[in-house]
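Please treat every number below as a calculation from the coordinates, not as lab data. All values reported here derive from a predicted model rather than from experimental measurement. Glycine gets a Cβ as well: all are built from the backbone with ideal geometry, and neighbour counts include every protein chain shown.
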């Protein structure tokens, strides 16, 4: 059956979910239909854009432009989820850029070794994976640190009054925030293959990839995500911590 027809038939699952939600009076019908509609439109647009990007001759500038758009959108989404009051958008953009460049450069040069560094079938999916995980990890760690610093003002000011530096005064809160952002990745790595099959692996198998090759690529992605998650949470929490102190090392309340 043609893939387009299969996708149309898959809409039946959304309609079934809508019917169940309506029957149980969950109040989710509007949100479900809106989300499904947005998913169809957004993925359709992405499909046409990627078709242009992947078509020969492939332009490195166009490929990098696509990644730049993904990075900026990811940074804005992350900033909005953490706090719109903190002026940290430039820091988030920089953190995402550094994390993506280091991670993808290592994977491209050492592991994948494509014929050209800008080969879109590797560069765009790997970049998108790093950024999607960065959103989740940075949001969790950022929200955790933002909440902790606002909730423990007296304790932090006590440390400062006793001679601690801003970095020392919030060190434990930052460690807890980084752990919160990284733990989901560690937990996922611990049970992968036993209780779950990752979406990337499942997608490759559905696409007809050889199982051993699909497993090998999934391992690469897991380790890539682990590294990028730790790096981006460290950078994000450092940026947030800086915004809570002025040049006189005094705590700022947001």
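For region 198-254, the Kirkwood radius over C-alpha pairs fed into Stokes-Einstein at 37 °C and 0.692 mPa s yields D = 229 µm² per second.
The spacing between region 129-202 and region 58-121, judged by their C-alpha centroids, is 20 Å. Compactness check for the chain: Cα Rg over 2.2 N^0.38 Å is 1.19. Largest first, the three principal axis extents of the alpha carbons in region 1-55 are 47, 25, 8 Å in whole numbers. Computing FRET efficiency as 1/(1 + (r/R0)^6) for residue 152 and residue 191, where r is the C-beta to C-beta distance and R0 is 30 Å, gives about 0.35.
Extending 7 Å from Cα along the Cβ direction at residue 44 and again at residue 179 yields two label points whose distance is 4.8 nm.
Compute a Gaussian network model of the chain, connecting alpha carbons closer than 10 Å, and tell me which residue from 229, 116, 100 fluctuates the most. Comparing 229, 116, 100 in the GNM, the peak value goes to 116. Averaged over residues, the count of other Cβ atoms within 10 Å places the peptides 31-41, 86-96, 150-160 in the sequence 86-96, 150-160, 31-41, highest first. A simple spin-label model places pseudo-atoms 7 Å from Cα toward Cβ; at residue 168 and residue 19 they are separated by 6.7 nm. Here the simple spin-label model places points 7 Å from the Cα toward Cβ, and for residue 6 and residue 249 these points are separated by 6.2 nm. Legend: calculated FRET efficiency, residue 205 to residue 80, from the Cβ-Cβ distance at R0 = 45 Å, rounded to 0.05, equals 0.80. Using the rule -39500 (n - 2.57) for each DSSP H run of four or more residues, divided by the residues of the chain, the 222 nm mean residue ellipticity is -26500 deg cm²/dmol. Structure remark: mean-square fluctuation, Gaussian network model of the chain, C-alpha springs under 10 Å; the largest value among 63, 135, 219 belongs to 219.
A P(r) calculated from all alpha carbon pairs of region 140-216, with 5 Å bins opening at zero, reads 3, 14, 16, 13, 10, 9, 8, 8, 7, 6, 4, 2, 0 percent.
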